[in-house]
Amino acid sequence: MSKMAVVTGGTGGIGVAVSRVLRAGGWRVTATGVSSPEIDALDDVDGIEWRLLDVTDDASVDSLFTGLDELHGLVNCAGILQRGAEYDLSVFKRVIEVNLVGTMRCCLAAQPLLARHDGSIVNLASMLSTFGGPQVPAYSASKGGVAQLTKSLAARWADEGIRVNAVAPGWIETEMTQGLRDVSQRNETILGRTPMKRWGRAEEVANLIKWLMSDEASFVTGSIYPVDGGYKAV
């Protein structure tokens, strides 16, 4: 029987790509969204089960994972960014709660199921796990936390057969980056710093995640993989 994966934040950007790539690779996929309209816009994707999930709500997370018979992989893509507003403390706390605490909440809920099948977790970090973002202090802090959380869980759960890794996307073509791509000066600055001179595609991130979830990566854990066209290298 094919393996079972949960993809949180599966209705947007990288999450959609991950859900589709895993499904095309033979996985059974349950993908989540935080609202019904998000899910309704994507419910025609063949073979993917869509579920509502609020990663900030204990009951919502517990309901999802306790309802599963088995689980082989978890991909934590749920996240938010509030560019220019994150110096407001209430906004800062909300971003941390979704991006970092939400990731931990899902990891903890999935852990008993994953331990039965030598399962794998892939978290979504960011190039801002390494660099600061002056317009997004909460997002940057949360993604730095995701990177360190990934290493901690990898060390803690290795003896249970659970591998935990993260990908750190750079400038990827998603809804979240549309505003930057629309500003010609900002777009040119980003491309000028990126050795490959283009924006990445969500599918390129998803393909690495699929590999990290596979048996081919069976000795890989605690690693943070940049997918940034060389941005971090210069």
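The values are calculated or read from the model by the stated rules, or taken from the named source; none is laboratory data. Everything quoted here is computed from the prediction, not taken from an experiment. Here the Cβ positions follow ideal geometry from the backbone for every residue, glycine too, while neighbour counts run over all protein chains shown.
Figures for the structure shown
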| read-out | value |
| --- | --- |
| Close pairs from segment 12-28: first more than 13 Å from V75 (Cα to Cα), partner among the basic types (K, R) and in a helix (DSSP H, G or I), Cβ under 8 Å, at least 6 apart | G25/K210 |
| Qualifying residue in segment 93-104 (condition: hydroxyl-bearing (S, T, Y), over 17 Å from A166 (Cβ atoms) and either modelled with pLDDT of 95 or more or in contact with a Pro (Cβ under 9 Å, 6 or more places away or on another chain) (or both)) | no |
| Exclusive hit being free of Cβ contacts under 8 Å to residues at least 12 places away in the same chain and either over 19 Å from A109 (Cα atoms) or of a type in the set (S, T, Y) (or both), set S36, S60, S2 | S60 |
| Number of the exception - A59 against (1) of a type outside the set (D, E); (2) modelled with pLDDT under 95; (3) under 22 Å from T11 (Cβ atoms); (4) surrounded by fewer than 17 Cβ atoms within 10 Å (Cβ to Cβ) | (2) |
| Matching residues, segment 123-132, being part of a loop (DSSP other than H, G, I, E, B) and under 13 Å from T150 (Cβ atoms) | A125, S126 |
| Residue ID - surrounded by the fewest Cβ atoms within 10 Å (Cβ to Cβ), chosen from residues in segment 164-181 that are more than 15 Å from the chain's Cα centre (by Cα) and polar (S, T, N, Q) | Q178 |
| Hits in segment 148-191 - residues which are assigned to a helix (DSSP H, G or I) and closer than 20 Å to V234 by Cβ | T177, L180, Q185, R186, N187, E188, T189, I190, L191 |
| Filter pass, D118 being surrounded by fewer than 21 Cβ atoms within 10 Å (Cβ to Cβ) and either without any contact (Cβ under 8 Å) to a residue 24 or more places away in the chain or of a type in the set (S, T, N, Q) (or both) | no |
| Filtered residues of segment 105-128 (kept if in contact with a helix residue (DSSP H, G or I) (Cβ under 9 Å, 6 or more places away or on another chain) and either small (G, A, S) or more than 19 Å from N165 (Cβ to Cβ) (or both)) | A109, A110, P112, A115, G119, S120, A125, S126 |
| Helices (runs of 4 or more DSSP H) contained entirely in segment 29-122, each with at least 2 residues that are more than 21 Å from G222 (Cβ to Cβ) | 36-40, 58-66, 89-96 |
